1. Please give the FRET efficiency for residue 1 paired with residue 240, using the beta carbon to beta carbon distance and R0 = 25 Å, rounded to the nearest 0.05.
2. Using a Gaussian network for the chain with springs between C-alpha atoms less than 10 Å apart, which of these wobbles most: 318, 389, 75?
3. So for 98, 319, 301, fewest C-beta neighbours within 10 Å to most, what's the order?
4. Could you line up 2, 265 from fewest to most neighbouring Cβ atoms inside 10 Å?
5. Could you give the length gained on full extension between residue 385 and residue 222, defined as 0.36 nm per residue of separation minus the Cα-Cα distance, in nm?
6. Among rounded, prolate and oblate, which fits the range 37-127 when a ≥ b ≥ c are the square roots of the eigenvalues of its C-alpha gyration tensor, a/c under 1.5 means rounded, and a/b larger than b/c means prolate?
7. Gap in Å between the Cα centre of the range 313-344 and the Cα centre of the range 258-290?
8. Could you work out which residue, out of 114, 80, 342, moves most in a Gaussian network model of the chain, that is, has the largest mean-square fluctuation with Cα springs under 10 Å?
Ligand code: GLU
């Protein structure tokens, strides 16, 4: 049986790190097993879904390297949901109910005040045909509930081990609203059956849904797929991230200059026993992925870790990979330059400042004119990769300056900044003529 999974976002907002972790884990699992990955757009809610959000989802996934083998839209499959609903109605598992939201709310309050669980009491099952007709005559439209069996539904969860949901403790879920809208629960099952999905991988906030959905798979006479429910993301402070996810959109992270491989390495490794290191590619991440490495405890999403992985991704990036982006940023000063500066980058865009140090003009910082003058006098005729150590040795011998007192004024004069790449490698890139002008305090 070859593995087939799906990522099923609703195009009602931007993808955030929580959704993308779900997409990524599905993708990694599928690729690790030689299986396929389906992108399914859950757009039954036509009022809230937009083509812009749908396009954004595709752009984000493509940018992250999470390509799909198949894609579909729920909005094109309403006939399939109607058909499934008709079958469930015929077998008595889908029944009409006429309560308004207010009536249900009042009933729940009464139950709670009596210390009872606020579960739907199935009053609608007792309605006679006359009562239903009376409601219809009043202009009420029914919503449709799935009649749960009220049993212990269990499965072997790839992430959680043995899992159980007691459907007797749940209200019969509404599958179709009074306005005819199919809520997520039924279409998802119908699609999973039609697309022959072998594993449903999603966040543990769906565990209860799984109880009901397994009953729906069975009611439709289908094989129940495998399930994996991942622990949710928490922030660095250990608090649930769910409320903050809106501000962690992938498109914002792209604008902030994060590398896709840093994001995928981070989201693919947090909450697992693997070390948090940047992967060579999303394919190599797939080869090392296993649910057995995923713990039951929540995955800690810490931006400091992401920043570290982002820098790591740049530090090992080859010139070949960087070159088109360097050219686009007008900062392609050759392989030697890239290899010298990449170790100092936190974000790729930092390279522009580094290129400016080489190309100029920069404003040198000279705090001690006499020292700069001495350094200028002692500057070797040829600035090659050995020049820096020869030069600083003679400046040290002549002026008595050493350590930071020797190197910092030279760095400040040559680059205008207190930190930066290795000066021995930078000096030949800057070139003798520019070094001379900067030592004289000229903007060059
Ligand atoms: N559209 C659903 C969601 O985003 C899909 C859940 C599922 O994977 O079944 O929560």
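Just so you know, all these numbers are worked out from the coordinates, no wet-lab data involved. In this text, all values refer to a predicted model and were calculated from it rather than measured experimentally. With ideal geometry, Cβ positions are generated from the backbone for all residues, glycine too; neighbour counts draw on all protein chains shown.
1. Details: r = 35 Å, r/R0 = 1.42.
The formula returns an efficiency of 0.10 here.
2. Looking only at 318, 389, 75, the largest GNM fluctuation is found for 389.
3. Values: 98 19, 319 15, 301 23.
By the 10 Å Cβ count, ascending: 319, 98, 301.
4. Numbers: 2 10, 265 28.
So the residues, fewest neighbours to most, are 2, 265.
5. Numbers: separation 163, 0.36 × 163 = 58.68 nm, distance 7.01 nm.
Working it through step by step, the gained length comes to 51.7 nm.
6. Details: a/c = 3.12, a/b = 1.94, b/c = 1.61.
Prolate, since a/c reaches 1.5 and a/b exceeds b/c.
7. Spelled out, the Cα-based centre of one part sits 22 Å from the other.
8. Looking only at 114, 80, 342, the biggest GNM fluctuation is shown by 114.
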